[in-house]
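Have a look at the structure below before the remarks.
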Amino acid sequence: MKKIKALLAEFKAFITRGNVVDMAVAVIIGAAFGAIVTSMTNGIIKPLVDWAVGDPEGVGLKTMLKAVYEVDANGNVTDVINWANSIYIDWGDFIMKVIDFLLIALVLFIIIKVFMGLKNATTKAHEKAKEKAAKRFKKQGMSEEEAQAQAEAEVAAEEVAAPAEPPKPTTDELLTEIRDLLAAQSKASAGKSAKSEEK
């Protein structure tokens, strides 16, 4: 029983860490961005490619392997292809998936590049602060090792003493705020509709 409680406590600590929350936000934003890219490629780029290759029927870039044609009410075979039962290679769909992948990969590359740049800038600032403090301690007559150790301790103490982030609102507080905003919005829209009815 103690092992299960310890495991649950460890899991709770894991899921409430900032990194996990940030990762969840990134996954949600990534999914939303993926939907935007898919919509752009299917709704804008694919029709432009179909138009550019001069496809009069709007079929797209397809290689027919086995065509199945529609049958009319009299049992006669028509010239209309039954795409659901035909066998074909859809090059256009494949090209759109490749474009989706490249666009999402490009955006992720840019985001990671910016994030790593910020992280490196923070690391460089930390190292500069340590070097400056070490030089100051050396001037006071400390040895190289003592100055380095003292500088690291001082920089670490400054980071700990840095002002903490303001506490984040709880779920209940956020839900209450959303409820109040929706109530205010509905009152405002009710007031506008009442004024328009009076006119």
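So who's got an amide H within less than 5 Å of the one on residue 68, skipping anything under 5 residues away but keeping other chains? H placed 1.01 Å off N, in plane.
For residue 68, the qualifying residues are 82, 86, 87.
Give me the distance in nm between label points sitting 7 Å out from Cα along the Cα-to-Cβ direction at residue 65 and residue 91, one decimal.
Going by the 7 Å Cα→Cβ label model, 1.6 nm.
For residue 183 and residue 124, what is the calculated FRET efficiency with R₀ set at 41 Å and r taken between the beta-carbons, to the nearest 0.05? Display every interim value, and only then the final one.
Details: r = 49 Å, r/R0 = 1.19.
Between residue 183 and residue 124 the formula returns 0.25.
Using 31 Å as the Cα-Cα cut-off, could you pick out the over-long pairs in 66/97; 3/130; 113/139; 5/168? If you can, show how the numbers build up before the last one.
Working: 66/97 24 Å; 3/130 42 Å; 113/139 39 Å; 5/168 27 Å.
Exceeds cut-off: 3/130; 113/139.
Rule-based calculations on the coordinates, nothing more; no lab input. A quick note: this is a predicted structure, and the numbers were derived from the prediction, not measured. All Cβ positions, glycine included, derive from the backbone under ideal geometry; neighbour counts span all protein chains shown.
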